[in-house]
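Asker: Could you have a look at this structure, given as structure tokens, before my questions?
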Amino acid sequence: MRSSYAGFPLSDNVNIDTELVSNFTGLTAEHLHYSHPIISVLLSYLFQLMLLFHYIPVGCKYSYIVPLAKPKDVRARALNCDDFRAITISPIVLKVFEYCILFHYGDILYSADNQFGFKKV
């Protein structure tokens, strides 16, 4: 049984359709929110192909790291690397894909115990 295992099986009930994608586009950036309604159809096709071929396009793998100063006496002395924390800004299309995956597989996915932020209570 394990010799033919290739990851999560894509059954018929796990489908990233246009309705699912359009439910999450209201939570994304303005360029998706105000785009033509066909964007949900195109993104659902893209996400289905990504799952089918097990491939993430290169453009979805890029993100930006933004340093933010920690709010402790930053004006009283010179700053060093320990005075900053970083946030990562990912592409919006990838965030929509993430929401779609979490919609179907969220109950079986978990994060490590040392992940403190953005966890369900």
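The values are calculated or read from the model by the stated rules, or taken from the named source; none is laboratory data. Here the structure is a predicted model, which means the values were calculated and not measured. Neighbour counts run over all protein chains shown; Cβ positions are idealised from the backbone, glycine included.
Asker: Is the stretch 34-50 home to any residue that is more than 24 Å from H104 (Cα to Cα) and surrounded by fewer than 10 Cβ atoms within 10 Å (Cβ to Cβ)?
Answerer: Yes, that holds for at least one residue.
Asker: OK, next. Name the residue that is modelled with the highest pLDDT, counting only residues in the stretch 55-82 that are in a helix (DSSP H, G or I) and under 25 Å from the mean Cα position of the chain (by Cα).
Answerer: Within the stretch 55-82, the subset in a helix (DSSP H, G or I) is 58-61, 81-82.
Remaining after also requiring under 25 Å from the mean Cα position of the chain (by Cα): 58-61.
Details: V58: 84, G59: 79, C60: 79, K61: 80.
Across the stretch 55-82, the extreme among qualifying residues is V58.
Asker: Just the residues that are assigned to a loop (DSSP other than H, G, I, E, B), more than 14 Å from the chain's Cα centre (by Cα) and not β-branched (V, I, T), please, taken from the stretch 86-110.
Answerer: Step one: of the stretch 86-110, the residues assigned to a loop (DSSP other than H, G, I, E, B) are 90-91, 106-110.
Within this subset, residues satisfying the condition of being more than 14 Å from the chain's Cα centre (by Cα) are 107-108, 110.
D107, Y110, listed by residue number.
Asker: Considering only residues that are assigned to a helix (DSSP H, G or I) and modelled with pLDDT of 75 or more, look in the stretch 22-43 and name the one that is farthest from L94 (Cα to Cα). Reasoning before the result, please.
Answerer: Step one: list which residues in the stretch 22-43 are assigned to a helix (DSSP H, G or I), which gives 22-25, 30-33, 38-43.
Going one step further and asking which of them are modelled with pLDDT of 75 or more, we end up with 38-43.
Values: I38: 17, I39: 14, S40: 13, V41: 15, L42: 14, L43: 10 Å.
Ranking the qualifying residues of the stretch 22-43, first place goes to I38.
Asker: Then there is this: What is the number of the single condition among (1) in contact with a helix residue (DSSP H, G or I) (Cβ under 6 Å, 6 or more places away or on another chain); (2) outside any loop (DSSP other than H, G, I, E, B); (3) modelled with pLDDT of 75 or more that L52 does not meet?
Answerer: Of everything listed in (1) in contact with a helix residue (DSSP H, G or I) (Cβ under 6 Å, 6 or more places away or on another chain); (2) outside any loop (DSSP other than H, G, I, E, B); (3) modelled with pLDDT of 75 or more, L52 misses just condition (1).
Asker: Also, I was wondering about something else. Mind listing whichever residues of the stretch 83-106 are modelled with pLDDT under 80 and over 27 Å from H31 (Cα atoms)?
Answerer: Matches in the stretch 83-106: D83 only.
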